Amino acid sequence: MTNIKYGRDTYPLGKDQSVLDCLVERGAPVPFSCRSGVCQTCLMRAVRGVPPEVSQRGLKDSLKVQNYFLACVCHPTEDLEAALPHEVLSSVPATVTALEPLNGEIMHVALECHAPLEYRAGQFINLFRDPTLGRSYSLASVPQQDAHLHLHVRRLPQGKVSGWIHEELRTGQTVEIRGPSGDCFYVPGRPAQEIVLIGTGSGLAPLYGILRDALDRGHSGPIRLFHGSRNRAGLYLTGELRDLAREHSNFDYVPCVSGEEPAPGLAGGRAHEIAFREVADFKDKRLFLCGHPEMVSAAKKRAFLAGAAMKDIYADPFNVNAAP
Amino acid sequence: MTEKKLADWWTESHASLYAKLGGEAAVNAAVDIFYRKVLADPRINRFFEGVDMEKQAAKQKAFLTMAFGGPHNYTGMDMRRGHAHLVQQGLNDSHFDAVMEHLGATMKELNVPDELIAQAAAIAESTRNDVLGR
């Protein structure tokens with residue numbers, strides 16, 4: 001007898017029954033549409049147990065490795081504990097171990113978790129100022145390289161959390177974090193594939209993590225990073241990135257400024273436009289897009305039309321306005 | 001015919017087409033090509049403005065699975081509900097024709113024999129009135 005645990009209840013799975021049918025029959029609020037494993041409406045995640053491979057067909061690699069599955073075509077032979085994608089975050093306290101400005105508006109925040117947090121570079125966590133006020137920040141750290149979590153927090157106008165992080169938060173203080181979430185990260189495999197990373201502002205945070213993760217895992221194909229800001233003062237980690245480019249012949253770093261004449265070593269224009277000028281064909285390339293939501297959405301579409309496969313486009317659009 | 005029976009009939013009578021085309025692998029090969037054509041078409045791409053591209057790609061995959069006669073549980077009612085907001089924005093026969101054109105061109109690009117293209121087109125065509133809310 002196979003059992004499906006969902007929320008506080010455990011349901012025995014009927015013969016030939018899918019996880020979706022089992023849950024819906026008992027009144028569990030799982031959304032669904034096609035019931036054929038294609039529309040991905042009934043996407044769930046196995047918090048315990050391993051979903052059968054068949055139930056992961058068509059999912060992005062980064063979802064597969066996190067045990068996401070399609071409930072309508074999931075016929076497990078072992079017990080599973082299932083959750084909807086937004087239900088799996090757990091809360092952990094973390095102590096601030098470092099706060100250093102990376103430039104005039106972005107703060108590097110290092111956090112030491114009180115319990116081990118399993119994450120992938122490029123995922124994000126929610127950091128809470130108080131139990132009801134939290135914001136999402138991407139992880140720039142790489143689990144196998146960095147002992148603590150690293151965030152790059154850009155100060156938003158009237159930002160209730162970012163302003164507090166910049167002005168009031170102190171080293172040694174403990175905060176509540178929740179996560180990780182997100183599927184914008186490097187998945188080993190196809191090591192010779194070309195990778196293009198495009199980011200604006202603090203969108204560099206996840207890209208910096210993804211880049212170092214890919215290099216660390218021996219990615220051998222070309223990796224190109226286009227990081228953009230309006231002006232030179234908005235760029236950061238330029239020294240570290242240039243060092244990485246010197247150490248790894250397959251990595252190439254292109255800092256871009258769109259609002260002023262570029263100084264030597266910088267490209268003039270918006271990061272994604274420069275990237276599309278230099279990389280004309282996106283066929284068989286893996287693409288990571290992080291930062292301003294308009295840039296992310298425009299670049300996603302353009303890369304797809306330029307031949308990128310939907311499954312090879314990973315994106316993390318940032319909130320750029322202060323939430324009310 | 002009731003909706004449930006309609007779906008069953010569809011699955012049974014078109015399962016062989018799906019198999020002939022290569023099943024899920026054929027759908028996987030077609031989805032990006034088809035969706036790229038749809039997004040690049042100025043006649044219809046305004047209907048896709050501002051939608052989550054990834055979710056939309058999954059819907060395109062579901063559409064192709066149905067058009068290829070593969071397993072699906074869509075009913076006329078789903079089709080109506082799913083497209084009602086687009087009908088309000090002016091979705092009409094000319095837009096439906098454009099999608100049909102891309103379906104045919106995608107299959108041609110994948111070297112599908114004309115006879116099978118015609119069968120898939122007939123399945124997609126049979127949803128026209130539901131999609132357009134008539």
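Consider the stretch B:51-77 and keep the residues that are small (Gly, Ala, Ser) and farther than 22 Å from residue A:43 by Cα. The one that is farthest from the other protein chains (Cβ to nearest Cβ) is B:76.
Taken as a whole, the condition of being touching a helix residue (DSSP H, G or I) at 6+ places or on another chain (Cβ under 6 Å), within 22 Å of residue A:206 (Cβ to Cβ) and either part of a strand (DSSP E or B) or basic (Lys, Arg) (or both) applies to residue A:129. Within the stretch B:15-32, take every residue that is among the hydrophobic types (A, V, I, L, M, F, W, C) and over 13 Å from the mean Cα position of the chain (by Cα) and give me the one that is surrounded by the most Cβ atoms within 10 Å (Cβ to Cβ). If we take residues in the stretch B:15-32 being among the hydrophobic types (A, V, I, L, M, F, W, C) and over 13 Å from the mean Cα position of the chain (by Cα), then B:21 is surrounded by the most Cβ atoms within 10 Å (Cβ to Cβ). Taking the criterion of being modelled with pLDDT of 85 or more and of a type in the set (Phe, Trp, Tyr), the residues of the stretch B:44-84 that qualify are B:47, B:48, B:63, B:68. Listed conditions (1) more than 9 Å from chain A (Cβ to nearest Cβ); (2) out of contact with any helix residue (DSSP H, G or I) (no Cβ under 7 Å at 6 or more places or on another chain); (3) of a type outside the set (A, V, I, L, M, F, W, C) are all met by residue B:80, apart from (2).
Checking the stated criteria, residue B:46 turns out not to satisfy the condition of being closer than 21 Å to residue A:294 by Cα, part of a helix (DSSP H, G or I), within 9 Å of another protein chain (Cβ to nearest Cβ) and out of contact with any Pro (no Cβ under 7 Å at 6 or more places or on another chain).
The values are calculated or read from the model by the stated rules, or taken from the named source; none is laboratory data. Small disclaimer: the values here were computed from a predicted structure and weren't measured. Cβ: placed from backbone, ideal geometry, glycine included. Neighbour counts: every protein chain shown.
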